[in-house]
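Everything on this sheet refers to the single structure shown next.
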């Protein structure tokens, strides 16, 4: 159980809706099937008792056949009732998992992109997808079994003491010992251990996704997995945690297994003592028959204890999965303005903006101020980690600033509705991704409902004709696991086609040519000429040749603007920009010499 920000309690049954009644019915039926499932043991014992008491003349005894059929009938009835129980709980579990995913994804679409980027796509997928899967398994299987596990001990205790309290007490001793060891394994620290376990898995999953996305870089520079320190570290942390936890569970788990499976080690000596002692009111035959019943019945106790252990573990998993899903749902989206305003034009202004990422002590940017006139282009350059991408993210309101203000058309972005702000800004990032859909739908994502003619014009302006034409199905070509794959540069060009189709007055380009080969880079640069014409552009680039004609260049370092001016002005200042330009020119002119002998 967890709570929403308003204090409302949320359980798995909250997501089940009206189907929660099926869960309750399924648990009741599971309890009934558990009781019915004990009857075959009684009928088997009655059949054995009849055979022994009437020995050697057992051929004419109809009781053996009758008890045999009753045992078969009770077994079939128990299975049928359990099938109905699982049918009910599965229907409810499927609806619960669907609702969890639907609510989570709908809420996720309202959260700022910054939160999603900080969490990571791998972690989000595991929380929502695997979390819903774990709760589905719990509701469909473990919860009805848990209901049976609560009812079984009552019936078992009754039967253990009904026939012979002495054998019943002897049977309970190893079970009580096993329960003590089980409590030690599933004690108060189990919830924290489960949390650490899920954290380790999510971190490893998240880093694995990032590693796979970076495989092109690995292949290019011949790096091994160890160059991806985060992924390697996540694997080592999971290994260390798993080994440490396994060692702590080694003794109690072995002791638990020995206890619940050692009931016979107590029953047989007790039977020998009782038979040899000829206790008052009991004959050797009666004691023997009771011993046979306990030998037949005690395996149920072992099964019951195992079921309690596994359902306890899966209950912890389901609770932790619910808490993590609710962690996303409880995350508050950026506040929408009560009285949203419309930007007056396409100008952009940063006013003394300071921003720190969550859990970071040092501001990513501090005291940043600059203005982009409508229709002008401003380029951000500087060393990695200087705050350039943070500026672009703040303009798109992926985060809210800690101090200062960002104005679009003279209006604070916090006073502009999200939908209106997104209409005014197009952005192309260095790691653009395509949906597993057709090329047409990938481009239309920027402007749902756009006609084929509009899409084709955008493709032509973005210089993507060669990409579309090389596939027989053209725009209807499927992208992804069931279709084709595009290179990084080709993905960037499709992303540019999106931006052209959207035709927003403000363009944000964040390292748009970072992963492009020379041919794709040339096409992207040509597409820029069409894309930025008459637009307000904020451009981030490492290749300084792409920003020479910018109206203004801002050099950012350590989160601050150190230099500002045109290309020529910054060269004349002979500061950091001039040094970077000189180094860039050297790298461009450098080539491997050839020698012949």
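The values are calculated or read from the model by the stated rules, or taken from the named source; none is laboratory data. Predicted model, so just to flag it, every value in this text is computed and none were measured. A quick note on method: Cβ atoms are made from the backbone with ideal geometry, for glycine too, and the neighbour counts reach across all protein chains shown.
Some observations on this one:
For every residue, the table says whether it meets (1) assigned to a helix (DSSP H, G or I); (2) more than 30 Å from residue 154 (Cα to Cα); (3) at pLDDT 80 or above.
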{"residue": "20", "(1), (2), (3)": "yes, no, yes"}
{"residue": "56", "(1), (2), (3)": "no, yes, no"}
{"residue": "63", "(1), (2), (3)": "yes, no, no"}
{"residue": "78", "(1), (2), (3)": "yes, no, yes"}
{"residue": "103", "(1), (2), (3)": "yes, yes, yes"}
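- Filtered residues of the range 365-416 (kept if farther than 28 Å from residue 544 by Cα, in contact (Cβ under 8 Å) with a residue 24 or more places away in the chain and in contact with a helix residue (DSSP H, G or I) (Cβ under 9 Å, 6 or more places away or on another chain)): 400, 401, 405, 409, 416
- Test result for residue 85, modelled with pLDDT of 85 or more and crowded, with 19+ Cβ neighbours inside 10 Å: yes
- Residues of the range 326-356 classified as assigned to a loop (DSSP other than H, G, I, E, B) and within 27 Å of residue 550 (Cβ to Cβ), total: 5
- Among residues of the range 445-470, those that are in a loop (DSSP other than H, G, I, E, B) and surrounded by 12 or more Cβ atoms within 10 Å (Cβ to Cβ), counted: 7
- Residue 388 at pLDDT 90 or above and in contact with a strand residue (DSSP E or B) (Cβ under 6 Å, 6 or more places away or on another chain): no
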